[in-house]
Amino acid sequence: MTVSTNRPLSPFMTYRWTLTMAMSFVHRATGVALYVGTLLMAWWLIAAASGPAAYGAIQGFTASWIGRLILLGYTWALLHHMLGGLRHFVWDLGYGFGAAEREWITRATLIGSITLTVVIWVIAYAAGGAR
Amino acid sequence: MSQGSGSMRTPIGRVRGLGAAHSGTKDFFRQRLTALAMLLLFIPALVVVMMLLGRNHAAAVQILGSPLVAVIMILFIIASAWHMKLGMQVVIEDYVHDEKLKLAAIIANTFFSAAVGLASIYAIIKLSSGV
Ligand code: HEM
């Protein structure tokens with residue numbers, strides 16, 4: 001049996017996986033993660049409205065290592081998605097489509113989200129720990 | 001066709017600008033509108049979260065129930081709930097191709113987004129009128 005060499009190929013077979021492609025997917029993944037994470041926001045607000053016992057329960061959860069890890073992930077997801085959204089605004093306005101700009105803005109999104117996450121957590125520990 | 005033969009609108013006039021989604025660019029625009037709203041509300045909302053860290057229930061109730069904080073939080077919740085509903089609908093439309101399953105997923109998405117949003121807003125309003 002001979003294998004035809006002219007059959008259509010999927011994009012993933014013909015294109016090199018680039019950082020901009022990965023970022024496009026990450027924007028979607030963080031959007032979905034934030035979607036699920038709103039349950040945490042609702043739990044927190046309802047707990048506050050319910051009373052000290054319920055509020056103590058969510059404070060216990062957020063103080064646990066798994067709780068902290070989820071919140072850290074949520075902080076990064078929000079910041080990364082937000083900066084990614086900003087990148088979309090730049091594109092919507094018609095700028096940043098050149099190869100160099102595209103790479104630059106993508107790197108800036110990634111570095112910016114990680115840096116801001118660290119900065120916010122340092123401030124949070126300083127502010128929360130001081131009380 | 002909903003229009004009778006007496007309509008002056010030609011078929012091309014009826015579909016112009018609507019595209020494959022049959023509803024035009026309304027959702028695309030609102031996705032950006034709500035994203036912009038969250039962008040503006042991000043710093044104030046972050047300040048509110050920082051104020052709550054390390055504080056007990058009584059303090060949290062007082063902070064979340066104060067008018068300025070409550071309004072910021074409600075605006076943020078409305079923007080998020082709307083944005084996540086629109087965003088997740090795009091994700092569903094991209095990946096779920098069975099018509100019935102797609103409809104069910106879109107309905108579930110709408111219910112989830114509305115429930116999370118309303119529960120959070122209800123909690124804020126309750127906090128504002130005393131727990
Ligand atoms: C400042 C905050 C935010 C900004 C600037 C922002 C911006 C955006 C933009 C521009 C898009 C459209 C992307 C596209 O057309 O491909 C989008 C998609 C989305 N956003 Fe956000 N967003 C923000 C916060 C949130 C939050 C808090 C959530 C969830 C609770 C969320 C969930 C989603 C989802 C599920 C999508 C769809 C993902 C996709 O189609 O790939 N976003 N966001």
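Quick notes on this one:
- Note on the stretch A:48-70: residues that are open to solvent by less than 30 Å² (accessible area, probe 1.4 Å) and in contact with a helix residue (DSSP H, G or I) (Cβ under 6 Å, 6 or more places away or on another chain) total 5.
- Residues located in the stretch B:22-50, provided they are within 9 Å of another protein chain (Cβ to nearest Cβ) and open to solvent by 70 Å² or more (accessible area, probe 1.4 Å): B:Leu36
- The residues in the stretch B:51-85 that are among the polar types (S, T, N, Q) and facing another protein chain (nearest Cβ under 10 Å) can be counted, and the count is 2.
- Checking each residue in the stretch A:48-59 for being part of a helix (DSSP H, G or I) and over 25 Å from the mean Cα position of the chain (by Cα) picks out A:Ala48, A:Ala49, A:Ser50, A:Pro52, A:Ala53, A:Ala54, A:Tyr55, A:Gly56, A:Ala57.
- Residue in the stretch A:24-47 that is within 14 Å of the ligand (Cβ to nearest atom), surrounded by 12 or more Cβ atoms within 10 Å (Cβ to Cβ), at pLDDT below 95 and assigned to a helix (DSSP H, G or I) present: yes
- Residues of the stretch B:67-92 classified as of a type outside the set (Val, Ile, Thr) and free of Cβ contacts under 8 Å to residues at least 40 places away in the same chain, total: 7
- Looking across the stretch B:122-131 at every residue that is assigned to a helix (DSSP H, G or I) and facing chain A (nearest Cβ under 9 Å), the one that is most open to solvent (accessible area, probe 1.4 Å) is identified as B:Tyr122.
- Some residue of the stretch B:101-112 being within 11 Å of another protein chain (Cβ to nearest Cβ) and open to solvent by less than 30 Å² (accessible area, probe 1.4 Å): yes
- Looking across A:Val32, A:Val90, one residue alone is hydrophobic (A, V, I, L, M, F, W, C), within 14 Å of chain B (Cβ to nearest Cβ) and closer than 30 Å to B:Ile121 by Cα. It is A:Val32.
- Residue match in the stretch A:71-80 (condition: away from the ligand (no atom under 15 Å from the Cβ) and either surrounded by fewer than 11 Cβ atoms within 10 Å (Cβ to Cβ) or among the acidic types (Asp, Glu) (or both)): no
- Residue ID - farthest from the other protein chains (Cβ to nearest Cβ), chosen from residues in the stretch A:101-131 that are among the hydroxyl-bearing types (Ser, Thr, Tyr) and in contact (Cβ under 8 Å) with a residue 40 or more places away in the chain: A:Thr106
- Count of residues meeting criterion [out of contact with any Leu (no Cβ under 6 Å at 6 or more places or on another chain) and near the ligand (Cβ under 9 Å from one of its atoms)] in the stretch B:69-92: 12
The values are calculated or read from the model by the stated rules, or taken from the named source; none is laboratory data. In this text, all values refer to a predicted model and were calculated from it rather than measured experimentally. In this analysis, Cβ positions are derived from the backbone assuming ideal geometry, glycine residues included, and neighbour counts consider all displayed protein chains. Areas reflect the complete protein model, heavy atoms only, side chains present, ligands, DNA and RNA absent. Shrake-Rupley method; radii C 1.70, N 1.55, O 1.52, S 1.80 Å.
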